[in-house]
Amino acid sequence: MRLLLFALLFVSVSANAQLHCGYDFTSYVVLHVHEEGKRENISGLQIVLVDQNGNEVINTANQYSWNHKDESLRFVENYRIDAAGKRAAEDIDQSALRWFFPYSKDTYLLSVTNEFPADEMMVKITDPNGVYAEATHQLYSFNMYILCTTDAQNKAMQFGRRTNKPVDIILKRKNS
């Protein structure tokens, strides 16, 4: 009888154990930046995280991200990687490659901590080529890609705004 109780307890604990994933303690903010009426992401933009006053956010002591300690937080363009996980050259067959951040395609990314205060942050977008006007866009907590969740958390978030969806930002041309 004791053996049966122990076995039932073991199965119960094992079934409820928290499994870890490769993105533990990390979330992403993903931006799809494009022109009105077009779906293609605009390449080559400079996108930086700013506070409500427009000041660049500094990642002091990895407060906001596990990357780039004590630096401003800049978005990078998602890129293709090869089977070894190395960044692939642009001149090779892209169909055999996969995206670095597999949950998004041609977008801009920023890796942040799970406690990232998105509601207090904005993104500032500038075009070094001068084609598009500078823009700022408010972020919200539902803009984060929270990747390590349980089925219970996923079911609880069925109502309201959908999470794990790129922030859709439309830029205007300077001559428009």
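The values are calculated or read from the model by the stated rules, or taken from the named source; none is laboratory data. Everything numeric here is computed off the predicted structure, so don't read it as measured data. All Cβ positions, even for glycine, are placed from backbone atoms using ideal geometry, and neighbour counts span all protein chains on display. The accessibility values were calculated without ligands, DNA or RNA, using every heavy atom of the protein model including side chains. Shrake-Rupley method; radii C 1.70, N 1.55, O 1.52, S 1.80 Å.
From the residues in the range 82-125 that are of a type in the set (S, T, N, Q) and open to solvent by 40 Å² or more (accessible area, probe 1.4 Å), which one is modelled with the highest pLDDT? My answer is N114.
For beta carbons closer than 9 Å, sequence separation of 6+ or different chains, a first residue in the range 70-90 that is farther than 26 Å from D127 by Cβ and a second that is of a type outside the set (A, V, I, L, M, F, W, C) and assigned to a loop (DSSP other than H, G, I, E, B), the qualifying pairs are D70/N59.
I need a count of the residues in the range 36-59 that are outside any loop (DSSP other than H, G, I, E, B) and either loosely packed, with under 10 Cβ neighbours inside 10 Å or among the polar types (S, T, N, Q) (or both). Step through it out loud before you land on a result.
Of the range 36-59, the ones outside any loop (DSSP other than H, G, I, E, B) are 46-50, 56, 58.
Still in the list and also either loosely packed, with under 10 Cβ neighbours inside 10 Å or among the polar types (S, T, N, Q) (or both): 46.
Within the range 36-59, residues that are outside any loop (DSSP other than H, G, I, E, B) and either loosely packed, with under 10 Cβ neighbours inside 10 Å or among the polar types (S, T, N, Q) (or both) number 1.
Within the range 126-148, can you find the residues that are open to solvent by less than 30 Å² (accessible area, probe 1.4 Å) and not aromatic (F, W, Y)?
D127, A135, L139, N143, M144
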